Amino acid sequence: MPDSSVPSTCKFDIDTEIISNMEVAQDHFLLYCNCPEIASSAQPGQFVHVLMTDESGLLLRRPFTIYGIHGSQISMLYQVIGEGTAALAQMGSGASIHVLGPLGKAFCIPSDIQAAILVGGGAGIASLMLLASELRNSGVRTVGLVGATNGERLLSVSDLQQIDVETHIATDDGSVGRHGFVTELLSDILERPQKNSLRSPTIYACGPHPMLRAVTEVTRLHHTPTQLAMENRMGCALGVCLGCVCKVRTDDGVEYQRVCTEGPVFNAEDIVW
C-alpha cells in the first residue's frame with residue numbers, strides 16, 4: 001500500500017514498459033507496468049496520465065485511474081472508447097509508455113467509518129478497487145455494487161470477492177444479477193439497513209454522469225455521506241487547459257472546479273448537476 005512518508009503532492013514522470021496488457025471483458029483491458037515511485041505514493045481515487053510511444057502517432061496523454069498497487073507495479077483498468085485507448089489496447093509486453101502521476105485528489109476515509117458501500121458503473125469500478133483494498137486492510141466492512149450493460153462487460157467482481165468484499169451485481173439486460181440499474185441495489189440497501197446490518201455507511205461511487213446523479217439523489221434522500229469520483233474528459237490533467245471543469249457549490253457560492261486537480265473526488269452534495 002502507499003508509503004505515507006511520500007508527500008501527496010509529489011508527481012513522477014516515469015519511462016517504463018508494459019508488463020502485461022490483457023482483455024478482461026468485452027472492450028476492457030487490464031494493464032500492468034513498473035512504476036515504483038508512483039506505487040509508493042498513490043492514494044485511492046488518484047490517476048495517472050499516460051503518453052504512448054512516438055510510434056503511436058498520438059501527441060496527447062490519456063488519463064487512467066490507478067486500479068491496483070502490486071509492489072513496485074501499478075495496474076490500470078480501461079475501456080476502449082477512442083483512438084488513444086484503441087492504440088493502447090494493441091500494445092503488448094515490452095512496449096514503452098510514459099506515466100505521469102499520481103494526480104488528483106484522493107478519496108477520504110473518515111477515521112470513524114463504520115461501513116462502506118462502493119458503487120461502480122461500467123469502467124467506473126476501476127476507481128474503487130484500490131479504495132476497496134485499503135478499506136478491507138483496515139477491517140472496514142465493505143459492500144460492492146457493480147453495474148454493467150451486460151454480463152460480457154461485467155468488471156472486477158472476482159477481484160472484489162478475493163478481498164472479501166460482499167458483492168452484488170446489476171446488469172441493464174438482466175443477463176447477470178439483478179435486471180436493472182446498480183443504483184436500484186443501492187436504494188434497496190439504504191431503505192432496509194436492518195436487513196443488511198449496515199449502520200451509517202459511507203458511500204463511494206464512480207461511473208457515468210447519469211449514474212452518479214442518481215446515486216446523489218438516493219443518498220441525499222437517506223442523508224448518507226457520499227463521495228464521487230467524476231469522469232470528465234481531460235486534456236492536460238494538470239489544471240491548465242480548464243477542459244474538465246464541473247460546477248461545484250462552495251462556501252462562497254457556485255464555481256467551476258477542475259476535475260483533474262480539485263477532483264476527481266468530490267462530495268456528492270457539492271456537485272451542481
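Where a number appears in this text, it was derived from the coordinates with a stated rule and is not lab data. Remember, it's a predicted structure, so these values are computed and weren't measured experimentally. So basically every Cβ, Gly included, is an ideal-geometry build from the backbone, and we count neighbours across all protein chains shown.
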- the range 24-48 versus the range 88-119: alpha-carbon centroid distance in Å: 6
- When the chain is treated as a Gaussian network with springs between alpha carbons less than 10 Å apart, the largest mean-square fluctuation among 34, 137, 232 is found at 137
- Item | Cys residues of the chain counted as unpaired, since no other Cys beta-carbon is under 4.7 Å | 10, 33, 35, 108, 206, 244, 246, 260
- Task: Express in nm, to one decimal, how much length is gained between residue 221 and residue 273 on full extension, taking 0.36 nm for each residue of separation and deducting their alpha carbon distance.
- Result: 17.1 nm
- Message: Nearest 500 deg cm²/dmol is fine: what mean residue ellipticity at 222 nm does the chain get from its DSSP H runs of n ≥ 4 alone, each adding -39,500 (n - 2.57), divided by its residue count?
- Response: -5500 deg cm²/dmol
- Message: Quick test of the membrane-span-like rule: which DSSP H helices of the chain reach at least 15 Å along their long axis (C-alpha atoms) with mean Kyte hydropathy at least -1.0?
- Response: 209-221
- Item | Label-to-label distance, nm, for residues given as residue 53 and residue 10 (7 Å Cα→Cβ offset) | 2.9
- In nanometres, what is the gap between the two model label sites at residue 249 and residue 166, each 7 Å from Cα along Cα-to-Cβ? 3.1
- Query: Of the listed peptides 59-67, 121-129, what is their order by residue-averaged count of other C-beta atoms within 10 Å, with the highest listed first?
  - Reply: 121-129, 59-67
- Task: Work out how much length residue 27 to residue 192 would gain on full extension: take 0.36 nm times their residue separation and subtract the Cα-Cα distance, in nm to one decimal.
- Result: 55.8 nm
- Task: Calculate the spin-label point distance for residue 149 paired with residue 175, positioning each point 7 Å from the Cα along the beta-carbon direction, and give it in nanometres.
- Result: 1.0
